[in-house]
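The values are calculated or read from the model by the stated rules, or taken from the named source; none is laboratory data. Quick caveat, the model's predicted, so the values are computed rather than measured. Note that each Cβ is placed from the backbone with ideal geometry, even for glycine, and that neighbours are counted across all protein chains shown. Remember, those area values only see protein heavy atoms, side chains included, never the ligands or the DNA or RNA. Shrake-Rupley method; radii C 1.70, N 1.55, O 1.52, S 1.80 Å.
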Amino acid sequence: MKIALIGYGKMGHLIEDVARSRGHEIVSIIDVGNRQDFDSEAFASADVAIEFTSPTAAYDNCLRAFSKGVKVVSGTTGWMNDHGDDVRRLCTEEGHTLFWASNFSIGVAIFAAVNRYLANIMNRFPQYDVEMEETHHVHKLDHPSGTAITLAEDIVGQIDRKTAWAEDTTDPSLLRIDHIRRGEVAGIHTIRYDSDADLITISHDAHNRKGFALGAVIAAEYTLDHSGLLTISDMVKFS
């Protein structure tokens, strides 16, 4: 498969290594200094572009790739709330393809399934309040993390006593999310169900970014043969 990389920071370098190790060809690498290469023949020859950049750049990157007929796998968070409706239209009405996920780790996909299952159970036990904490490296711009938002939305969808999620809240009807930025932490997500009697905790702790890079390349392999607006739940099924 021919892959274009959009964004060549730490994640971009890891994705390049994983993609090459799985037999794929990197035909174009676009970063802040050579955005004109979106118009190159090399970029247009890509089967899939893998995009890890910033919330302010991701939407335009997708549009540039779509204009060249290139499918996109994007792991950039913090932009879909503003542009999600247009992206859905582009994928459903205009034939473009985007695989977007807040987290490409297979471990996180498993953790998310456990989270949904546990939330469904805990809906029957109102004596437990639920809250979430996410910790990431100091370079992460958005908060709460896209993964935390996805996990929170799954909880709110299962637990009737929570109407939405929020940061820095004391409202018992809202699921509280706290964020911590520390060192080079790859990502820790912890969900706690607390009562007067006991505490139930589930947590996912990423040792490094390698799992995210591998998941992104596997998503690109999946995207090669699929179309539309794709998510982790399309690729990894638990039932």
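One quarter of the convex hull surface built on the alpha carbon atoms of the range 96-180 amounts to 6.8 nm², the projected area averaged over directions. For the residues H24, H83, H139, a 1.4 Å probe over the protein chains yields an accessible-area ranking, largest first, of H139, H83, H24.
Which of the lysines could be linked to K68 by a straight reach, that is with a Cα gap under 24 Å, when you skip same-chain ones fewer than 8 residues away? Those lysines meeting the cut-off are K2.
Ligands, DNA and RNA excluded, the heavy atoms of Y222 present near 50 Å² of accessible surface to a 1.4 Å solvent probe. Since only V27, G107, F43 are under comparison, the one whose Cα sits farthest along the positive direction of the charge dipole of the range 23-111, derived from C-beta charges on Lys, Arg, Asp and Glu, is G107.
Entry note, the chain: relative contact order of 22 percent, from Cα contacts under 8 Å with a spacing of 6+ residues. Distance between the pseudo-spin-label points of N123 and D225 (7 Å out from Cα toward the beta carbon): 3.5 nm. Solvent-accessible surface of the chain, taken per residue with a 1.4 Å probe and all protein chains present: 48 Å².
One decimal place: the segment S21-A42 gains 5.5 nm when fully extended, by the rule 0.36 nm per residue minus the C-alpha distance. Tilt of helix 106-122 relative to the longest C-alpha principal axis of the chain, in degrees (0 to 90, nearest 10)? It works out to around 30 degrees. When only alpha carbons of the range 153-239 are considered, Rg and Dmax amount to 17.0, 51 Å. With every protein chain in place and a 1.4 angstrom probe, the accessible-area ranking of S203, S102, S74, largest first, reads S203, S102, S74.
Taking R181, R88, R124 in turn, the Gaussian network model of the chain (Cα-Cα springs below 10 Å) assigns the largest fluctuation to R124. With r as the distance between the Cβ atoms of D194 and H13 and R0 = 30 Å, compute the FRET efficiency 1/(1 + (r/R0)^6) and round to 0.05. Here the calculated transfer efficiency is 0.15. Beta bridges assigned by DSSP with both partners in the range 73-215 are antiparallel in approximately 55 percent of cases.
Computed about the Cα centre, the dipole magnitude for the range 166-239 is approximately 320 debye when only Lys and Arg (+1) and Asp and Glu (-1) carry charge, each at its Cβ. For H143, the solvent-accessible surface with a 1.4 Å probe is about 90 Å², rounded to the nearest 10.
Remark on the chain: ratio of C-alpha radius of gyration to 2.2 N^0.38 Å is 1.06.
Using a probe of 1.4 Å on the protein chains alone, the accessible area found for S21 is around 90 Å².
With a 1.4 Å probe rolled over the protein heavy atoms of all chains, the accessible area of W165, W100 falls in the order W165, W100, largest first.
Considering only H207, T150, W79, and ranking their Cα positions along the charge dipole of the chain that arises from unit charges at the beta-carbon of Lys, Arg, Asp and Glu, the one farthest toward the positive end is H207. Only Lys, Arg, Asp and Glu carry charge here, each on its Cβ (+1 for the first two, -1 for the last two); on that basis the range 15-159 has a dipole of about 340 debye about its Cα centre. Taking Cα atoms only, the orientation of helix 10-21 departs from the longest principal axis of the chain by about 60 degrees. Surface composition of the range 52-167: carbon plus sulfur atoms contribute 50% of the solvent-accessible area (1.4 Å probe, protein chains only, all chains present). Over 26 Å apart at the Cα level, from the set K71/K237; K71/K162; K10/K71, are K71/K162.
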